[in-house]
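Okay, structure first, notes after.
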Amino acid sequence: MAAQKLTKHYQKPWQLLVSVCLSRTNAITKDLSEIEKRYARLIEQMEMENAVYNNYEMRKHELQSVVSIATDTKKKLSEKDEEQISDASRLLASIQDQEDMWVTDASKLQISSKTTPCDSDTKSLHRLLDQKIHMVVEDDKLLKEASTMFPYTTLNEGESLREASERLLETYGIQTTDTLFMSNAPAGIVKIRFKENEERGQTYQGAKVFFTKVSMTSVNNINSTTDSLDWLSINELKTRIKNEYFERVEKFV
């Protein structure tokens, strides 16, 4: 009897859900790791060893060679030589003034910090500018316990995955014109089985969640804070999302 009852439960249809993996890519570059710094220094050294003078440097050396005649030769210089040396000295002085100005301007530059006051606010889309962050919500229905996960919705009859995803985004105030869908096909599928004694298990044997990948193309029309959403980095996802769920979605996030 138990085996027959179990078989009947698994003959029930699947509930079809659509979940959106919406991400905002990093706006600035990450800090280099130690091995990346070592590699960058190696490449810089190789470029320096293989470098040749450019036109600006060649002109400067030519002028310096002309000026050096005045100190290197013991012969009396002709009027033409003195005129050439005078012109070269004047041009070198002008070049030196220009280079001093460049040094002064460069010394005034200050590199902005990669950290912002928004970094500690998981509700802000403007946090962690050097990392990719993902939109997640708190839900206690799909997994029957409070969990952090990607937002999802039911797939309505006759509705495509793309249409359901766009509808879902709009419920969170995100305009589809500010997003880019990686594909109309799902990036991954996760099955979640329901127990027969659950209310939803009376109708469905479980849920099939189809995930679509979407990237933000603009944040101008998005509020800086939205109470119903969190924006988390991949490392934060690992600590906030349940292991079993995260292991399934990590492959395509």
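Only the coordinates and a few stated rules stand behind these numbers; no lab work does. Bear in mind the structure is a predicted one, so any value in this text is a computation, not a measurement. For neighbour counting, all protein chains shown are included, and Cβ atoms are generated from backbone atoms with ideal geometry for every residue, glycine included.
Can you find, among F194, L180, S233, the residue sitting farthest towards the positive end of the charge dipole of the stretch 162-247, where Lys and Arg contribute +1 and Asp and Glu -1 at Cβ?
F194
Would you order V20, V137 from fewest to most other beta-carbon atoms within 10 Å of each residue's own beta-carbon? Could you put the intermediate results ahead of the total?
Working: V20 24, V137 15.
Ranked by crowding around the Cβ, least crowded first: V137, V20.
Taking the simple approach of a point 7 Å from Cα along Cα-to-Cβ for both E44 and D100, what is their distance in nm?
For E44 paired with D100, the spin-label model returns 2.7 nm.
On full extension of the chain, what length is gained from A51 through L109, given 0.36 nm per residue of separation minus the C-alpha to C-alpha distance? Provide the component values of the computation, followed by the final result.
Numbers: separation 58, 0.36 × 58 = 20.88 nm, distance 2.68 nm.
So the chain would gain 18.2 nm between A51 and L109.
Take F181 and E36, extend 7 Å from each Cα along the Cα→Cβ direction, and tell me the distance between the two endpoints in nm.
3.3 nm
Once amide H atoms are placed 1.01 Å from N in the peptide plane, what residues at a sequence separation of 5 or more from A207, or on another chain, have their amide H within under 5 Å of its amide H?
So A207 has HN proximity to Q15, I192, R193, F194.
Based on the Cβ-Cβ distance from I189 to E244, what FRET efficiency comes out when R0 is 22 Å, to the nearest 0.05? Before the final figure, lay out the partial values.
Numbers: r = 15 Å, r/R0 = 0.69.
Result of the calculation: an efficiency of 0.90.
Using a Cα-Cα cut-off of under 24 Å, which lysines could be cross-linked to K37, ignoring same-chain neighbours fewer than 8 residues away?
Straight-line reach from K37, under 24 Å: K114, K132.
Tell me the mean residue ellipticity at 222 nm calculated for the chain from its helices only (DSSP H runs of n ≥ 4, each -39500 (n - 2.57), averaged over every residue, nearest 500). Don't skip to the answer; put the middle values down first.
Numbers: 7 runs with 98 residues, N = 253.
Computed ellipticity for the chain at 222 nm equals -12500 deg cm²/dmol.
Sort F211, F252 so the one with the fewest other Cβ atoms within 10 Å of its own Cβ comes first. Working shown, then result.
Numbers: F211 22, F252 15.
Ordered from fewest to most neighbouring Cβ atoms within 10 Å, F211, F252 come out as F252, F211.
Tell me the label only: which of [x] 6, 19, 20, 13, 11, 9, 8, 6, 4, 2, 1, 0, 0; [y] 7, 28, 30, 22, 11, 2, 0; [z] 8, 33, 37, 17, 5, 0 is P(r) over Cα pairs in 10 Å bins from 0, in percent as calculated from this structure?
For P(r) over Cα pairs in 10 Å bins from 0, in percent, the calculated option is [x].
What are the residues whose amide H is under 5 Å from the amide H of L155, where those residues sit 5 or more places off or on another chain and H is modelled from the backbone?
Amide H to amide H, under 5 Å and 5 or more residues apart or across chains, L155 pairs with L16, L17, V18.
Cα convex hull of the stretch 34-108: how many Å³ per residue?
Cα convex hull per residue, to the nearest whole number: 132 Å³.
Could you compute the FRET efficiency for I28 and K80, with r as their C-beta to C-beta distance and R0 at 45 Å, rounded to 0.05?
Numbers: r = 57 Å, r/R0 = 1.26.
Efficiency computed from Cβ-Cβ geometry: 0.20.
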